[in-house]
Amino acid sequence: MRFAPLFPLLLVVISLSSRLSNAADPHSSDHGWQKQGLMFKMEPGVLVQNFTSPAEPLQDGRWRIWCSLSGAQRNKNLAFAEGRPGGDWKVTEAVLSPGAPDLSAPFAIGGVPEGWHLVQGVHVKLPQGGERLYFWAHGEGVVRYVAADRMSDAGDHYRIVNAGAPCLYHPADRAVGGPAALEAELLRWAKKVAAPLEGEALASGKLISNDATNVYVLPDGTFEMYTVGLVQIPKEDPRFQPQDNIPGLLRVIDRLTSKDGLKWGNRQRVIEPDEKDPVDQQFYFLSVTHTDAGRVGVLGHYRLGAQTIDLERCSSADGIRWERMAREPWISRGGEGSLDGYLLHAPHAMVRREGKWWLFYTGGNFSHNRKLSYGPEHRGIFLATRPDLAEP
């Protein structure tokens, strides 16, 4: 049995005039970035994001942008878009099945239990050959980060390899119990009773994460991961923000490592708010670009008061000690009424191509708590480029 998406193949055509009307001053310079405007968006009711997902160069100036689709009237699912800036983009959605992947589909993932919905895909090439997709799986009692390896055929066909022993768990996952929550110092889940299915492992507190996760293959063939850790605070703490969707929990950035990309450990806290940050500052994600001069990070600069997310630059020589020199948006959101007016989400990494750096990112027109928006909720994929990563 297989369960296919509502629209397994979607063609998105956005004219140049409509693309640019939704961008904030496109083709202008912004902290050294040259904004190229909106690349594509989906039809009303379908939200697209390339949050944590890579952009991969293709031939003839074309790109593949891995992405996720969601919406109030549809399930989350993985997809990829192929096209070129200024042209049309074809979006191909994954066909999911609990058994073997559907080899007749252009993009298929097998080993997916019924009722699981996938989001925030990370595509990597494995050091010993082959390819892997990482993603968050949501379902009844399930919120976990799993991996699917590419099959040996010539198509984009993958199969989940660790559904019962995932890379990470959200606190709401059925395999998380009170002891794991206490290990993670999350007292609000201290009385939670784990209910894993037969054959599933109990969660470790060291593998509990909130959401946004990026995985990278290092030159020595090992793996590093940057994910969001949670720190519980009492209601009387000034950092407690009742307008947030998880009040009383601070989002910070942790790093883990792995030899095989499946079993993770060596968890370290690498970025958290300090005395120089506003009281409502949290960090929603960390996207990392590995360069010859070290790691350049795009940090999710989340302000709970305004319910906005910006892209902040940071840097590191070793992935553990991070410098935040500017502590301000590296690239601006759109103005009032813009499609990118409230939320910016970073991709997996920036890409060096044709003598410049390319940053495809997601813009959203609604606040994080969804109480404010510029019209009906929508998202689009935007592009900015720059010649180098030096500060102007």
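For this structure, a couple of remarks:
- Tally of residues being part of a strand (DSSP E or B), under 14 Å from Gly261 (Cα atoms) and either open to solvent by 40 Å² or more (accessible area, probe 1.4 Å) or free of Cβ contacts under 8 Å to residues at least 40 places away in the same chain (or both) across region 130-144: 1
- Residue in region 110-132 that is of a type in the set (S, T, N, Q), at pLDDT 95 or above and touching a Ser or Thr at 6+ places or on another chain (Cβ under 6 Å) present: yes
- Members of region 207-227 that are under 17 Å from Val176 (Cα atoms) and not in a loop (DSSP other than H, G, I, E, B): Leu207, Ile208
- Pairs, first closer than 23 Å to His348 by Cβ in region 80-103, second among the basic types (Lys, Arg) and part of a strand (DSSP E or B), C-beta under 8 Å, six or more apart: Phe80/Arg64; Ala81/Arg64; Ala81/Lys90; Glu82/Arg64; Glu82/Lys90; Gly83/Lys90; Pro101/Arg159
- Per the listing Ala172, Ala190, the residue uniquely modelled with pLDDT of 95 or more and either surrounded by 15 or more Cβ atoms within 10 Å (Cβ to Cβ) or within 21 Å of Gln120 (Cβ to Cβ) (or both) is Ala172.
- Contact map, region 211-236: residues that are over 11 Å from Tyr284 (Cα atoms) and of a type in the set (Gly, Ala, Ser) paired with residues that are open to solvent by 40 Å² or more (accessible area, probe 1.4 Å) and in a loop (DSSP other than H, G, I, E, B), Cβ distance under 7 Å, separation 6+ or inter-chain. Pairs shown: Gly221/Pro127.
- Of the strands (runs of 3 or more DSSP E) lying entirely inside region 260-374, those containing at least 1 residues that are over 28 Å from Tyr169 (Cβ atoms) span 281-291, 294-303, 308-316, 329-331, 351-353, 356-364.
- Residue check, Lys235 basic (Lys, Arg) and closer than 19 Å to Leu186 by Cβ: yes
- For region 196-206, a residue qualifies if it is more than 14 Å from Ala181 (Cβ to Cβ) and in contact (Cβ under 8 Å) with a residue 12 or more places away in the chain, and the qualifying residues are Pro196, Leu197, Gly199, Glu200, Ala201.
- Any hit, region 301-309, residues being hydrophobic (A, V, I, L, M, F, W, C), surrounded by fewer than 20 Cβ atoms within 10 Å (Cβ to Cβ) and within 25 Å of Gly32 (Cβ to Cβ): yes
- Test: residue in region 312-330 that is at pLDDT 95 or above, open to solvent by less than 10 Å² (accessible area, probe 1.4 Å) and more than 30 Å from Asp220 (Cβ to Cβ): no
- Matching residues, region 80-107, being crowded, with 16+ Cβ neighbours inside 10 Å and of a type in the set (Gly, Ala, Ser): Ala81, Gly83, Ala94, Ser97, Ala105
- Ile246 meets the conditions (1) open to solvent by 10 Å² or more (accessible area, probe 1.4 Å); (2) of a type in the set (Val, Ile, Thr); (3) within 24 Å of Phe107 (Cβ to Cβ) in every case but one. The failed one is (3).
- Region 145-185, residues that are of a type in the set (Phe, Trp, Tyr) and within 18 Å of Leu256 (Cβ to Cβ): Tyr145, Tyr169
- Ala349 vs. criteria at pLDDT below 95 and under 17 Å from Thr289 (Cβ atoms): no
- The condition of being in contact (Cβ under 8 Å) with a residue 12 or more places away in the chain, under 21 Å from Asp30 (Cα atoms) and more than 14 Å from the chain's Cα centre (by Cα) holds for only one of Ile271, Ile320, Ile331, Ile309, that being Ile331.
A quick yes/no check of all residues on (1) buried (at least 23 other Cβ atoms within 10 Å of the Cβ); (2) not in a strand (DSSP E or B):
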site: Val124; (1), (2): no, no
site: Gln128; (1), (2): no, yes
site: Val146; (1), (2): yes, no
site: Asp153; (1), (2): no, yes
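- Single residue of region 354-370 satisfying the filter (of a type outside the set (Gly, Ala, Ser) and under 17 Å from Gly337 (Cβ atoms)) that is surrounded by the fewest Cβ atoms within 10 Å (Cβ to Cβ): Phe366
- Taking the criterion of being within 17 Å of Tyr169 (Cα to Cα), at pLDDT 95 or above and open to solvent by 30 Å² or more (accessible area, probe 1.4 Å), the only residue of region 208-231 that qualifies is Val231.
- Single condition Met42 does not satisfy, out of (1) touching a Lys or Arg at 6+ places or on another chain (Cβ under 6 Å); (2) within 13 Å of Gly380 (Cβ to Cβ); (3) not small (Gly, Ala, Ser): (1)
The values are calculated or read from the model by the stated rules, or taken from the named source; none is laboratory data. Owing to the predicted nature of the structure, the values given are computational and were not obtained by experimental measurement. Don't worry about glycine lacking a Cβ; one is built from the backbone with ideal geometry, like all the others, and counts go over all protein chains shown. Quick note on the areas: whole protein, heavy atoms, side chains included, nothing else; ligands and nucleic acids left out. Shrake-Rupley method; radii C 1.70, N 1.55, O 1.52, S 1.80 Å.
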